[in-house]
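First the structure, in the form of structure tokens, and then the observations on it.
The values are calculated or read from the model by the stated rules, or taken from the named source; none is laboratory data. Computed from a predicted model, the values in this text were never measured in an experiment. Because the Cβ atoms are built from the backbone with ideal geometry, glycine has one as well, and the counts that use them run over all protein chains shown.
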Amino acid sequence: MNPLKKLAGQTALYGVSTILGRVLNYALVPIHTSIFLEGQYGKLTDLYAYVAFFNIVYTFGMETAYFRFASQKKYQSEQPQIYRSALSWVLLISFTVSALLFWQAPAIAQWLDYPQDAHIVRWLAVILLLDAFVAIPFARLRLENQARWFAITKLANIGLQVGLQLVFLLLLPKFLDVSTWFPDEVGKISVSFIFLANLMASIITPLFLWQWLTDYQPVLDRRFVKPMLVYATPILLMGLAGMVNERIDIILFADLLPENFYPGKTPKEALGTYSASVKMSIFMLLAIQAFRYAGEPFFFSGAEDKNAPTLFAQVMHYFTLFSILILVAVSINVELIGSLFLRREGYRDALYIVPFLLFGKLLYGIYVNLSVWFKLTDRTYFGTIIATVGAIVTLTINILLIPVLGYFGCAIASIACYGVMSLVCYYYGKRYYPIPYFFGPSLIYLLAGVGLIYLAFTVDLPSIWWENILNIGLTLLFALVVFLREKRNLRTYSKA
């Protein structure tokens, strides 16, 4: 089977779970932004930003390490032992950290400036433990090309979370006075219900993976644990640095933004507004996440093929084209999408930064593709170095620009960070694992797309309906032009 078709098929299956699951979750945004005040929404995103950092610590880079060792031909007969060792190490780390979080929950909640929310910290400790417990089984599904069951399980988890949130936020308040259930926000529906729904879904998810858990035995085989840790530790550090690039703006924003920078909003309310606009970049992140799920096994399994570099260059080309289509479609129609999903008008104050946030995510997707060389050559320490450079850029620009530019400062930090990381990764990749990338066509499409976005933002029609029709028409026209220009190449590659 044509490897590009295989990757596309795997990406589509992973994309079903990732995209449909996130769409279901994203469908809750109108409910969240209609029920919760901006300060409450800011707290929700703030706490989940910390969770993202802990997720990196809990999995400890073992998912990628498991792929690397279990996919090597010399270890084919040892796959079960590699699986057990990887999962045992993750569980050891997870139990230790979760116990500390659970024990120190009141002090942590006080330090986060949410003194009433020690119960949420304890719930998150359990959620992190359960999610780490299933991380390696999910990796095993990907290695074994069990994309369908992977999608079913992921969708079940998201479906449970969405369903439980609907019960807690819409159904229960019709019959019970839920405003008194949690003391943090008297007289309002508390964001605690969202974390409770997450906890309940995380408890049920392992049941869907029972078949891949029944053969687990606690073991730390020194033959594999030590080399996997050597391989995984740079990935852990790279993940933490990468998470700085992804979430540090959320954590720092309210502390760095001066009071009354945005009239009528406190810094925490402005954080809620900014977080809602960040949600609009979810479409790009969905594409990147679906690609990563399918891409890692694909790159590792095809690394020994003599035509691999050429194939990887083609993968980069089509991924970049798809990302540019998302950038153009969302940016041109951002007002329409924002009006549908962000129900309170105050949440839509920062929509003007969405095109810049999307471009930053596009650069991140390019970096994800470029980074294949140091994973395949076992030079994962380069990933740590590059991500650390990006983290320094992110921290510096956020600290300097948030106090003077607010939302826009965060967007500039994202673009600068991923732009620098992509350039550095490309430079060293040419030396250690040359791949004949061809960026010329993508650059032309990008410039054309930016021109359309500028046109859509500057044209002022007398009716919002006419503006929406024009914007949708421009989007479809751009997609049609890209398809027609690429049609010949698609046929060529499909015959390869």
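Observations on the structure shown:
- Test: residue in the stretch 69-81 that is at pLDDT below 85, closer than 17 Å to residue 135 by Cα and crowded, with 19+ Cβ neighbours inside 10 Å: yes
- Taking the criterion of being surrounded by fewer than 12 Cβ atoms within 10 Å (Cβ to Cβ) and either touching a residue at least 60 places away in the same chain (Cβ under 8 Å) or of a type in the set (Ser, Thr, Tyr) (or both), the only residue of the stretch 439-462 that qualifies is 458.
- Test result for residue 426, assigned to a helix (DSSP H, G or I), of a type outside the set (Lys, Arg) and on the phi < 0 side of the Ramachandran plot: yes
- Evaluating residue 305 against the criteria (1) at pLDDT below 80; (2) touching a Gly at 6+ places or on another chain (Cβ under 6 Å) leaves one unmet condition, (2).
- Residues satisfying the stated conditions in the stretch 302-354, i.e. crowded, with 18+ Cβ neighbours inside 10 Å and polar (S, T, N, Q): 314, 320, 323, 331, 333
- Members of the stretch 113-132 that are surrounded by 17 or more Cβ atoms within 10 Å (Cβ to Cβ), among the hydrophobic types (A, V, I, L, M, F, W, C) and in contact (Cβ under 8 Å) with a residue 24 or more places away in the chain: 120, 123, 124, 125, 127, 128, 129, 130, 132
- Some residue of the stretch 181-199 being of a type in the set (Phe, Trp, Tyr), closer than 21 Å to residue 171 by Cβ and surrounded by fewer than 19 Cβ atoms within 10 Å (Cβ to Cβ): yes
- Flag for residue 359 being under 19 Å from residue 456 (Cβ atoms), assigned to a helix (DSSP H, G or I) and within 22 Å of the chain's Cα centre (by Cα): yes
- Some residue of the stretch 475-492 being hydroxyl-bearing (Ser, Thr, Tyr), closer than 22 Å to residue 320 by Cα and more than 28 Å from the chain's Cα centre (by Cα): yes
- Here is the figure for the stretch 429-454: residues that are farther than 13 Å from residue 372 by Cα, among the hydrophobic types (A, V, I, L, M, F, W, C) and outside any helix (DSSP H, G or I) total 2.
- Residue in the stretch 157-175 that is without any contact (Cβ under 8 Å) to a residue 12 or more places away in the chain and on the phi > 0 side of the Ramachandran plot present: no
- Scanning the stretch 206-222 for residues that are part of a helix (DSSP H, G or I), out of contact with any Phe, Trp or Tyr (no Cβ under 7 Å at 6 or more places or on another chain), surrounded by fewer than 20 Cβ atoms within 10 Å (Cβ to Cβ) and touching a residue at least 12 places away in the same chain (Cβ under 8 Å) gives 208, 209.
- Among all residues of the stretch 251-268, there is none that is within 29 Å of residue 333 (Cβ to Cβ), modelled with pLDDT of 85 or more and among the β-branched types (Val, Ile, Thr).
- Taken as a whole, the condition of being out of contact with any His (no Cβ under 6 Å at 6 or more places or on another chain) and either closer than 18 Å to residue 55 by Cα or surrounded by fewer than 20 Cβ atoms within 10 Å (Cβ to Cβ) (or both) applies to residue 135.
- One residue stands out among those in the stretch 223-232 that are surrounded by fewer than 23 Cβ atoms within 10 Å (Cβ to Cβ) and modelled with pLDDT of 85 or more: the one that is farthest from residue 86 (Cα to Cα), which is 230.
- Filtered residue count, the stretch 390-412, keeping only those that are over 22 Å from residue 285 (Cβ atoms), in contact (Cβ under 8 Å) with a residue 24 or more places away in the chain and in a helix (DSSP H, G or I): 2
- Checklist (1) modelled with pLDDT of 90 or more; (2) among the small types (Gly, Ala, Ser); (3) surrounded by 17 or more Cβ atoms within 10 Å (Cβ to Cβ) applied to residue 107, failing item: (3)
- Residues satisfying the stated conditions in the stretch 340-365, i.e. in contact with a helix residue (DSSP H, G or I) (Cβ under 7 Å, 6 or more places away or on another chain) and of a type in the set (Ser, Thr, Tyr): 347, 364
- Residue check, residue 82 aliphatic (A, V, I, L, M), under 23 Å from the mean Cα position of the chain (by Cα) and assigned to a helix (DSSP H, G or I): no
- Subset of the stretch 140-179 that is among the polar types (S, T, N, Q), part of a helix (DSSP H, G or I) and under 26 Å from the mean Cα position of the chain (by Cα) - its residue that is nearest to residue 35 (Cα to Cα): 165
- Selected residue (only one of 409, 429, 419, 473 is surrounded by 13 or more Cβ atoms within 10 Å (Cβ to Cβ), out of contact with any Cys (no Cβ under 6 Å at 6 or more places or on another chain) and more than 30 Å from residue 262 (Cα to Cα)): 429
- Residue 313 vs. criteria under 30 Å from residue 436 (Cβ atoms) and modelled with pLDDT of 80 or more: yes
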